[in-house]
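Input: a single structure, listed below in structure tokens.
The values are calculated or read from the model by the stated rules, or taken from the named source; none is laboratory data. Note that the structure is predicted; figures quoted are calculated from it, not measured. Every residue, glycine as well, gets a Cβ built from its backbone with ideal geometry; the counts of neighbours run over all protein chains shown. What goes into the accessible areas is simple: the full protein's heavy atoms, side chains included, and nothing from ligands, DNA or RNA. Shrake-Rupley method; radii C 1.70, N 1.55, O 1.52, S 1.80 Å.
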Amino acid sequence: MTKDLLADKKRDNIAAYVISMWHIEDLVRASGFNMDVLAERLIDPMNVDAEEAAEVRGWYAGIMTRMREQGLERSGHLSEVEEVLNELEFLHRSLVDVLNDEDYDRFYEAARPGITTLQQQAGEEAKGIVETCFTAVYGVMLLRAQGSAVSEATAQAEGAIRLVLERLSQHYRQMRKLPGVSMN
């Protein structure tokens, strides 16, 4: 069985895992679902031995297969990533509405104007709060990678949103340690 290249991120920082998976999904699409193109761009530069390269290649092939099976050739996210987003959305709602976690509430209130703006801009296609947060962080990451300018207001909003996701990731990691909680 091929090891999961993002297992450590999934265990230690669920937000980094989601962002990484979104990026990988985009890279798979950009490669045209062509393993040779993906290998040339991502696996070959890793400078690993043939056995490890084969393992990595198998991992990416598995992602490609699941994306095709789930009809994600043009857009969307793998079901396992959607499941994590749903878990995080539930956790967010629990922290805000049920647990009234003051620290989390403070981070969320600081980020709320940026989240609200993004949801208003999305209109009818607006997603949940947590997915909106990921969209903001991922969008700014892409802008920076392309060398595009990021306004000070956008950078500040993204910074506040990033803090929400970091705090949410901490709560998620703690929640997974609870007896009887099994979230794979």
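Quick look at the values:
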quantity	calculated
Residue that is more than 25 Å from Glu25 (Cβ to Cβ), open to solvent by 60 Å² or more (accessible area, probe 1.4 Å) and not in a helix (DSSP H, G or I), where the choices are Ala110, Ala149	Ala149
Whichever residue in the stretch 160-177 is charged (D, E, K, R) and part of a helix (DSSP H, G or I) and, among such residues, is surrounded by the most Cβ atoms within 10 Å (Cβ to Cβ)	Arg167
Condition broken by Leu5, with the remaining ones in (1) closer than 30 Å to Leu163 by Cβ; (2) in a helix (DSSP H, G or I) satisfied	(2)
Residue satisfying all of: in the stretch 21-43; among the small types (Gly, Ala, Ser) and either assigned to a helix (DSSP H, G or I) or in contact with a strand residue (DSSP E or B) (Cβ under 7 Å, 6 or more places away or on another chain) (or both); least open to solvent (accessible area, probe 1.4 Å) among these	Ala39
Residue within the stretch 1-18 that is of a type in the set (S, T, N, Q) and without any contact (Cβ under 8 Å) to a residue 24 or more places away in the chain present	no
Selection count, the stretch 68-104, where residues are part of a helix (DSSP H, G or I), open to solvent by 80 Å² or more (accessible area, probe 1.4 Å) and charged (D, E, K, R)	6
Subset of the stretch 1-40 that is of a type in the set (A, V, I, L, M) and within 12 Å of the chain's Cα centre (by Cα) - its residue that is farthest from Ser169 (Cα to Cα)	Ile24
